[in-house]
1. Would a scan of region 328-335 turn up a residue that is free of Cβ contacts under 8 Å to residues at least 60 places away in the same chain and more than 25 Å from Leu448 (Cβ to Cβ)?
2. Can we say Lys202 is modelled with pLDDT of 85 or more, crowded, with 18+ Cβ neighbours inside 10 Å and basic (Lys, Arg)?
3. Give Asn207, Asn227, Asn218 a once-over and let me know the one that is more than 12 Å from the chain's Cα centre (by Cα), polar (S, T, N, Q) and surrounded by 17 or more Cβ atoms within 10 Å (Cβ to Cβ).
4. Could we say that Lys110 is surrounded by fewer than 13 Cβ atoms within 10 Å (Cβ to Cβ), touching a Lys or Arg at 6+ places or on another chain (Cβ under 8 Å) and closer than 20 Å to Glu69 by Cα here?
5. Restricting region 172-187 to residues that are in contact with a helix residue (DSSP H, G or I) (Cβ under 6 Å, 6 or more places away or on another chain) and within 29 Å of Phe58 (Cβ to Cβ), which is surrounded by the most Cβ atoms within 10 Å (Cβ to Cβ)?
6. Residues being more than 20 Å from Asp171 (Cα to Cα) and crowded, with 17+ Cβ neighbours inside 10 Å: count how many of those fall in region 272-284.
7. Assess whether Phe40 counts as being hydrophobic (A, V, I, L, M, F, W, C), within 27 Å of Arg135 (Cβ to Cβ) and either at pLDDT 80 or above or not assigned by TED's automatic domain parsing to the domain that holds Leu128 (or both).
8. Specify the residue that is farthest from Asn440 (Cα to Cα); the eligible residues are those in region 340-392 that are crowded, with 18+ Cβ neighbours inside 10 Å and small (Gly, Ala, Ser).
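The values are calculated or read from the model by the stated rules, or taken from the named source; none is laboratory data. Nothing here was measured: the structure is a model prediction, and the numbers come from that model. For neighbour counting, all protein chains shown are included, and Cβ atoms are generated from backbone atoms with ideal geometry for every residue, glycine included.
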Amino acid sequence: MATLLSFDFLTELTLISSQSDSADKFVREINYLFSKYYNFDGLKVFIYNKEEDYIYDFSKNRQLLSQEEAYFKNIINNTNAYSADDFFKFLHLNGKTFDFSSKKEIEIIKNSKINIILNIDNKTTALLEFSTQYRTDLMPNDISYLEIASGQIASFIKLYLDKRSLIREIDHHEITRELLTHLEKRLSFNKIGCILGEMLDKFLTDNLVYIFTKAQNNQHKLIWPKNCIIPNIYNTLSSINNRYQILKEKNIGIFMIKVSDSISFYIVVYDKGTKILTDDIKYLAQISAQLELAMQKSYIHAKKIKEANIDSLTNLNNRRAFDNKLSELLEKALNSNMPLSFLLLDIDYFKNINDKYGHLVGDKVLTEVANIIKGQIRSNDFAARYGGEEFAIILPDTSIDEVIVIAERIRKSIETTKFYYQQDKYLTSSISIGISSTDNNCKSTRVLIEKADNALYDAKHSGRNTIKL
């Protein structure tokens, strides 16, 4: 005989429905309630999405694996509850289905599985699975209370699913907004890709997320996370030409972000045991399309800035870029009380090279000297073509003693280089260098440049191929 129900059962259920702020909490508390009044325990709640034909765990928001899914689909399909227009509720017990409206006594033997099937709306069915260790009989009054309770549970599930759908829509827009904010901060594209991976990993709870890039060498590289478990993924990426593609097994989705002809990124979503859902495909397609447009604009903007600030012959920064950078780095050095040093370099007898070998050879010497300079300085140093055969290098956080070592290294490298102008013919050259530094009380860009220029003049008139302070 089932426990005699009272209005206390429905009152407690109403309280749980109004106070539960998560699916997990709701399932745990109604599990206790049904155990208390019905001797039902071990409650699980599953949601069947008719449109996408999949079942997921309501409390964990996790898709079921195919074997579990088949079992519950069989129960649901046997009731045809999901296809009804009206609000039907069914109880499925040991292979038999009972309509609550029949008001007949239902005998439940011990160790039974009890499934209550609720039609949430025209595309969603909920399935509650209880287990019981006891033999019991559900009398007509018990069934009436159970029917009312099922209606309340269905209402909670409906409201919760609507709320979760809204939150998911908000999260989708938040991801896009945050990514665009990071782009405005001029973060590197690879850094944006890593942030995207982290955000999508939280957004797509059922799937693994990977971010790949394809650079100028046409090779795909995983940039987030560190390892990928998808078999043969690099061959698959090489065959992708569409904006996005869902592979035939429906458990791998690839979404391409084409920044330029030579730069692309790929969002790869994967789960061996489940499929990618239509809503997730929609969100990922929107995110990748919006990010692609923003990254293309950022790429074009950066390219224009680079073209405006790069010397076309040497590929070093030009005078315009140098003037802006020196002011910026000097202000930073003075504010942080850190040293900043400056080198002004001039190729010795460069006019003679142009006169004797021609301007094409002179251009070749300029280019190779620029490459030597780039190879000898650090990543945070700033080198520029200052004008003609002159070069300038700004060295943050660098004292006089340190900058002398760097300058000597550059001078020695150029002195020992063979500048080939034909296959078996070469010329040699040298460079003179003037040094100034905030260590020597240079507190303005004018003084810093003026002192380095005076030191360079001394170097040129002291035999050249030398360094002067």
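1. Taking every residue of region 328-335 in turn, none turns out to be free of Cβ contacts under 8 Å to residues at least 60 places away in the same chain and more than 25 Å from Leu448 (Cβ to Cβ).
2. no
3. Asn207
4. no
5. Within region 172-187, the match that is surrounded by the most Cβ atoms within 10 Å (Cβ to Cβ) is Ile175.
6. 2
7. Judged against the criteria, Phe40 is a match.
8. Gly362
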